[in-house]
Every structure is written in structure tokens, then in C-alpha cells.
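**Student:** Following this message is one structure expressed as C-alpha cells.
The values are calculated or read from the model by the stated rules, or taken from the named source; none is laboratory data. Please read these numbers as outputs of a predicted model, since none were measured by experiment. Cβ placement follows ideal geometry from the backbone for every residue including glycine, while neighbour counts extend to all protein chains displayed.
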Amino acid sequence: MNSKVEILLVEDNISDAELAIRALLKNNITNYIIHLKDGAIALDFLFGRGQYEGRNLDNRPKVILLDLKMPKVSGIEVLEQIKSNDLTKKIPVVILTSSNEFTDIEKSYTLGANSYIVKPVDFESFHRTVKDMGIYWVMLNQPLEMNTRQVT
């Protein structure tokens, strides 16, 4: 695994994950994507538990793309743990899901999601959406760590 994680994709639907990864790589947005298939594994990765014990926790993703409807641990539960932990709460989390239910949108923003995107159903729209989202969050967005400077 490369030492610098730029995008953490947490998605249980393999087809959606492959489309997202293809869009990000094809458009040269990032070369460093980690795809995890469920929320439990994502939490292990982020907090250095289980198979990721000993992982350098300073190597945080620039952005997490998070599906909501997943087995084991839901995206809502993952989001809640990410945003309630000092180590991970500043990492931007983009909800990328098929759910356009108001309760999911409201709960996601209440818990600290930085963006909520409903997956388009057709290939071209999905590709364009992931590309545009990747450009913004990986290339344009300025994370807090990069902008901190000491005021004297």
C-alpha cells in the first residue's frame, strides 16, 4: 500500500466502487485510493485496529467517500465515530449514496458530513459527478492542516 492515502472510499457495492475508482484515476485526480467494503473495516483502518493495527495514523485521507447503506456498520455509524474523534473529525466526509431520504440527509449533516451526494443512476452522470467531486475535494479544497499558521 502506498504511504499517502488521498481518498478513502467506503462502498459495499463493487460496481459503484469500480465506477468511482475508474472516474478518479481516469481523470488523474489521484493515484492513491483505498477502497474498503464495509463500515467495520473502515473504522479499523481509520483507528488502526484489527488488520490495520500498527498503521501510521498520521496518514489520514484528504477525503472520505462514504456510502450509507452498508452491512455490519452503517455509514451513519461510521460518520458518527469519525466526527466524534479528535484524530479524525477534521477529515472531510462526503456521503455518496443512493438514498435521497430526508432523514438520511438531515442525520448526515447533523453528524458533521461535509457534503451529501445522491449517486446518479446512469453511467455518464455518475462518472461526471465523481470526477467533479474528486477535483474539488482532492485538488481544490484546502484542508485545515495545510492552512494552519502560528499567529505572533
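**Student:** Quick check on my filter: what residues within region 18-63 are assigned to a helix (DSSP H, G or I), among the hydrophobic types (A, V, I, L, M, F, W, C) and either at pLDDT below 95 or at positive phi (or both)?
**Tutor:** In the first step, residues of region 18-63 are kept if they are assigned to a helix (DSSP H, G or I); the result is 18-26, 39-47, 50-52.
Now restrict to residues that are among the hydrophobic types (A, V, I, L, M, F, W, C): 19-21, 23-25, 40-43, 45-47.
Residues satisfying the conditions are Leu19, Ala20, Ile21, Ala23, Leu24, Leu25.
**Student:** Looking at the structure I just gave you, is Leu111 crowded, with 17+ Cβ neighbours inside 10 Å, more than 14 Å from the chain's Cα centre (by Cα) and without any contact (Cβ under 8 Å) to a residue 40 or more places away in the chain? Let's see the steps before the verdict.
**Tutor:** On the way: crowded, with 17+ Cβ neighbours inside 10 Å: yes; more than 14 Å from the chain's Cα centre (by Cα): yes; without any contact (Cβ under 8 Å) to a residue 40 or more places away in the chain: yes.
Judged against the criteria, Leu111 is a match.
Yes/no matrix, rows are residues, columns are (1) of a type outside the set (Val, Ile, Thr); (2) at pLDDT 90 or above:
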residue: Asp86; (1), (2): yes, yes
residue: Val93; (1), (2): no, yes
residue: Met146; (1), (2): yes, no
residue: Thr152; (1), (2): no, no
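**Student:** Can you find a residue in region 131-142 that is free of Cβ contacts under 8 Å to residues at least 24 places away in the same chain, closer than 15 Å to Leu24 by Cα and within 15 Å of the chain's Cα centre (by Cα)?
**Tutor:** yes
**Student:** Cβ-Cβ under 8 Å, sequence separation 6+ or interchain: first residue in region 69-98 and touching a residue at least 24 places away in the same chain (Cβ under 8 Å) and surrounded by 17 or more Cβ atoms within 10 Å (Cβ to Cβ), partner aromatic (Phe, Trp, Tyr) and outside any helix (DSSP H, G or I). Which pairs?
**Tutor:** Val94/Tyr116; Ile95/Tyr116; Thr97/Tyr116
**Student:** Which one of these is under 25 Å from Asp132 (Cβ atoms) and among the hydroxyl-bearing types (Ser, Thr, Tyr): Tyr52, Tyr32? Before the answer, list the steps.
**Tutor:** Values: Tyr52 fails: under 25 Å from Asp132 (Cβ atoms).
So the residue among Tyr52, Tyr32 that is under 25 Å from Asp132 (Cβ atoms) and among the hydroxyl-bearing types (Ser, Thr, Tyr) is Tyr32.
**Student:** Does region 11-30 contain any residue that is in contact with a Ser or Thr (Cβ under 6 Å, 6 or more places away or on another chain) and within 18 Å of Lys107 (Cβ to Cβ)? Don't jump to the end; show me each part of the working.
**Tutor:** Of all residues in region 11-30, those in contact with a Ser or Thr (Cβ under 6 Å, 6 or more places away or on another chain) come to 24.
Of the ones still in play, those that are also within 18 Å of Lys107 (Cβ to Cβ) are none.
No, region 11-30 contains no residue that is in contact with a Ser or Thr (Cβ under 6 Å, 6 or more places away or on another chain) and within 18 Å of Lys107 (Cβ to Cβ).
**Student:** Has region 72-79 got any residue that is among the small types (Gly, Ala, Ser), within 16 Å of the chain's Cα centre (by Cα) and either at pLDDT 90 or above or closer than 15 Å to Glu11 by Cβ (or both)?
**Tutor:** Taking region 72-79 first, the residues among the small types (Gly, Ala, Ser) are 74-75.
This time we only want the ones that are within 16 Å of the chain's Cα centre (by Cα), so: 74-75.
Of the ones still in play, those that are also either at pLDDT 90 or above or closer than 15 Å to Glu11 by Cβ (or both) are 74-75.
Among the residues of region 72-79, at least one is among the small types (Gly, Ala, Ser), within 16 Å of the chain's Cα centre (by Cα) and either at pLDDT 90 or above or closer than 15 Å to Glu11 by Cβ (or both), which makes the answer yes.
**Student:** A follow-up question, please. Quick check on my filter: what residues within region 1-17 are among the hydroxyl-bearing types (Ser, Thr, Tyr) and in a loop (DSSP other than H, G, I, E, B)?
**Tutor:** Ser3
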